[in-house]
1. How many percent of DSSP beta bridges within the chain run antiparallel, rounded to 5?
2. Which residue, Gln16, Val28, Leu181, has the largest displacement toward the positive end of the dipole of the chain when charges sit on each Cβ (Lys, Arg +1; Asp, Glu -1)?
3. Between Asp87 and Gln22, what's the calculated FRET efficiency when r is the beta-carbon distance and R0 is 35 Å? Round to 0.05.
4. Using a/c under 1.5 as the rounded threshold, could you call the range 75-116 rounded, prolate or oblate? The axes a ≥ b ≥ c are square roots of the C-alpha gyration tensor eigenvalues, and prolate needs a/b larger than b/c, oblate otherwise.
5. Just name one of Ala191, Leu51, Gln149: the one whose Cα is farthest towards the positive end of the charge dipole of the chain (beta-carbon charges, Lys/Arg +1, Asp/Glu -1).
6. Quote the charge dipole size of the chain about the Cα centre in Debye, to the nearest 20; the model charges only the Cβ of Lys and Arg (+1) and of Asp and Glu (-1).
7. Using a Gaussian network model on the chain with a 10 Å cutoff between Cα atoms, which of Gly132, Gly54, Gly34 fluctuates the most?
Amino acid sequence: MNRILVVEDHAPLRAQIVTLLQGAGWAVEEASDGRLGLQLALEQPPDVLLLDLGLPGLGGIALCQQLRAQADRHVPVLMLTARDALDDKRQGFGAGADDYLLKPFAGEELLWRCQALARRGELGRSPVLQRGPLRIDRRTHEVHAGEGQVLLLPRQAYRLLVALAEAWPRTVTRSELQQQLWVDEPPESDALRSHLYTLRQALGAHQALVKTVHGVGLRLDVPE
C-alpha cells in the first residue's frame, strides 16, 4: 500500500483530499503547517508528498528545499498551488518539486499524478531491504535470514516486518502499524499482538531483532 503525506493548511480542502486518497486505497498522513510537514516527511518518508505552497510556519518552497537537503532518499513531491505564473512554477521545480498541479483541480487528475509519482519513486528504490541478517525482497515477498534460509511468513506478519524494515532505525508506534496494516479499519481485537507473535515465531533464532519499545511501539534492533 502506498503512503502519502498531505501538507495543506486549508482544512476543508485537506479533508476532501484525504477522503479522495483514502477512497483510492492510499494510507494518508496529514499536516496543516510546514514545520510539522517537514518533520513527518523526514521521520518516515512517504511514497508521495502532496505539498501546498502557502503554508504557515514554513512555506512549501522552503520545505521542499530542506527536504531535498536532509532526506536520505528521494521523496516524490507534487506541489499544489493557485499561483499560475511561469516564475512561480520555476521556483517550485527549482526547489526540487517533481510535479505541479494548479488549484482548482479535478480529483481524478490528482489521483493520476500521485499514482505516476509513486511508480516513479518505486523505480528509483531498491526492491531489496537488508537489515542486519535479514534480507527482504519486496518483489517476491521472500525473507532470507542468513545463508540459504528462507522464512515463511503469513501475509500480515510479512507486512509488519516490511513496515519495521522500511522505518528502521526509527521506532514505529502501534497506531502507525495498525494504519499501515489495516488502513482506517483496524480490527476490534488486538490483532497486532497476534501478528507480532507470529512474526517472532517465524524469525526463530532472529526473533530478538523485533524489539518492543515500551510505551512507544516496535523497531528492528539491528546496528545502523
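Just so you know, all these numbers are worked out from the coordinates, no wet-lab data involved. Predicted, not measured: the structure shown is a model, and the values here were computed from it. With ideal geometry, Cβ positions are generated from the backbone for all residues, glycine too; neighbour counts draw on all protein chains shown.
1. The antiparallel proportion sits near 50 percent.
2. Looking along the dipole axis, the top candidate is Leu181.
3. Plugging the Cβ-Cβ distance into 1/(1 + (r/R0)^6) gives 0.50.
4. Judged from the Cα gyration tensor, the range 75-116 comes out oblate (a/c at least 1.5, b/c at or above a/b).
5. The residue sitting farthest along the positive end of the dipole is Gln149.
6. 580 debye
7. Per the Cα network of the chain with a 10 Å cutoff, Gly132 tops the list.
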